[in-house]
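The values are calculated or read from the model by the stated rules, or taken from the named source; none is laboratory data. This one's a predicted model, so the numbers in the text were calculated from it and none came from an experiment. With ideal geometry, Cβ positions are generated from the backbone for all residues, glycine too; neighbour counts draw on all protein chains shown. Accessible surface is based on the protein model in full, side chains and every heavy atom, while ligands, DNA and RNA are left aside. Shrake-Rupley method; radii C 1.70, N 1.55, O 1.52, S 1.80 Å.
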Amino acid sequence: MSESADWTKGAAAIRYQRCACCAHVQYFRRDFCAACGSLALTDHAASGAGIIYATSLVCRAATPETRAHVPYNIVLVDMREGFRMMAHGDHDLAIGDSVEARFTAFAGGTVPYFGKAQ
């Protein structure tokens, strides 16, 4: 697997980009900086640490593959590196909780999953 592989490609990692021109941080990979348009992007591994921004318990399966997982918690996490991401999380998480990522099987894939930081 390549050095820049992340959970979307089956690796247990969260990757993000930083612009070498304006220092903008972006989570979704692009060929250019969303802030200044520069092509000078560098790839980085996230620490997995963050703070819960929002949480929502999903009680209805969106697909047949997710039916076995209901109810599950979806969280928005402000990552230490300066980007916000959506992921799965423990049911007892609340806004403002410090969290750490791990990776777990979900509906045929591997996804980031957040629990309270130790």
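Values computed for the structure shown
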read-out	value
Apportionment of accessible area to carbon and sulfur, the range 79-118, percent (1.4 Å)	47 percent
Two-decimal Rg to Rh for the chain - Kirkwood Rh, Cα set	1.00
Only Lys, Arg (+1) and Asp, Glu (-1) charged, at Cβ; the chain dipole about Cα centre in debye	180 debye
Gaussian network model of the chain, springs between alpha carbon atoms under 10 Å - residue of Cys33, Cys19, Cys59 with greatest fluctuation	Cys59
Heavy-atom accessible area per residue - the chain, 1.4 Å, Å²	58 Å²
Relative contact order [Cα under 8 Å, 6+ residues apart], the range 1-92, whole percent	21 percent
Candidates Ala13, Ala46, Ala34, ranked by Gaussian network fluctuation over the chain, Cα under 10 Å, top entry	Ala34
Long-range HN-HN contacts of Arg15 with modeled amide H, under 5 Å	Trp7, Ala46
Ranking by accessible area, most exposed first, for Ser38, Ser4, Ser47 with a 1.4 Å probe	Ser47, Ser4, Ser38
